[in-house]
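What follows draws every value from the coordinates through simple rules; no lab data is involved. Predicted model only: the values in this text are computed from it and were never measured. Neighbour counts are summed over all protein chains in view; Cβ atoms, including those assigned to glycine, are modelled from backbone coordinates with ideal geometry.
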Amino acid sequence: MHQHSHGPVIQPCDSSESAHQHSRELFGHSHHGHSHAHPHPTLKPSVLGWAIVATLALVVAEIVGGFLGRSVALLNDAVHNLSDVPALGISWLAMRWAERPADTEKTYGYHRAGTLAAFTNALVLVFLSLWLGYEAFERLRAPVNVIASWMIWTSVAALAVNGGITLALVRGRNDLNLRSILIHNFGDALSNIAIIAGAIAIRITGAQWLDPILGLAIGLLVLWSSVGILRESSHILLEGRPREMRVEEVARAMLTIEGVHEVHDVHIWSLGGGHNALSLHARVPDMHMDACERILISIQEKAAKHFRIDHTTVQLERAGLPATSGYVMPEPAKK
């Protein structure tokens, strides 16, 4: 992308070399006028710890209720809830890891620990949902008489637990890792409601096939919610740009800064946990180093204020030199 400027004459730079600036730390650091605010955690890891304990108790109750009530829907839901335990455990570890600062091994920090946890959880749930669907299909071929009262009261207790966990996790819905757990528990609560309604219908009509139908529906619900999380987490792990940003929009915004004639090699990616990073090359006229610093600060501030990018790397190059980069931004579309 190019911008032709006819502003005031800028004095030649003290050095003909390109200037480079990199915000070295993500948290609590101000570098050349650009500050990185430490985000306040939306949820404490202890909440996930209590959720694990409550989920384990729920799994035991549903297994007992499923065997005594001869309900495949309850047993499938118990397995479904059991899958929450490693998911919650991994998410708890991910939240603790995300609090660790950057080091010489993980120079960007551990923000993607949560994304990796979400990817792992979703992958496990995809296979689990396929297995649940198969079991429900087999029971549909050979229905078994169920005891509706066990289904109703066990599901009421399960609904209370899953509903409570869902409400506790709502505060962390903007975090991909926590959102995977939130969606899963919300699905659990919906499945509990469905089992209660199905059990009442079985008691009234005697239609035993409703139980495996509910089991199949639970499996499809798990599959649907897991595929979305799997797609989004893999996008971040593959260095994909944040969905809400467009490379062209960021590049054009940088061209509005006085002294920036062209930007190219623009890369935007998510570090996980709501942190985004940007790197770009900017062509500027020859100027003194203090003028270079002002341009660098302006680029960082615009990236932070307009696009919520808190880690920006800029390489300055002399304007007018032939472009040798592999990716040069196109001209803006004429309106």
**Message:** Between residue 138 and residue 56, what is 0.36 nm times their sequence separation minus the Cα-Cα distance? Round to one decimal in nm.
**Reply:** 26.8 nm
**Item:** Nearest-0.05 FRET efficiency for residue 96 and residue 290, computed from C-beta distance (R0 35 Å)
**Value:** 0.25
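Report the full-extension gain for the segment residue 220 to residue 108: residue separation times 0.36 nm, less the Cα-Cα distance, to one decimal in nm. Please report the intermediate quantities before stating the final value.
Values: separation 112, 0.36 × 112 = 40.32 nm, distance 3.71 nm.
Answer, rounded to one decimal: 36.6 nm.
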**Message:** Taking a virtual spin label 7 Å from the Cα of residue 70 along the C-beta vector, which residues in the stretch 186-228 bring their backbone nitrogen under 18 Å of it?
**Reply:** 199-215
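Working out 0.36 nm times the residue gap between residue 308 and residue 126, then minus their Cα-Cα distance, what length gain in nm do you get to one decimal?
Details: separation 182, 0.36 × 182 = 65.52 nm, distance 3.27 nm.
Stretched fully, the residue 308-residue 126 segment lengthens by 62.2 nm.
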**Asked** Which net charge results for the neighbourhood of residue 59, defined as the other residues with beta-carbon distances under 12 angstrom from its beta-carbon, given Lys and Arg at +1 and Asp and Glu at -1?
**Response** -4
**Complete:** Plugging the Cβ-Cβ distance of residue 147 and residue 190 into 1/(1 + (r/R0)^6) at R0 = 22 Å yields, to the nearest 0.05, a FRET efficiency of 0.45
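At R0 = 25 Å, how high is the FRET efficiency between residue 170 and residue 85 if r is their beta carbon distance? Nearest 0.05 is fine. Numbers along the way, then the final one.
Numbers: r = 20 Å, r/R0 = 0.82.
For residue 170 and residue 85, the calculated efficiency is 0.75.
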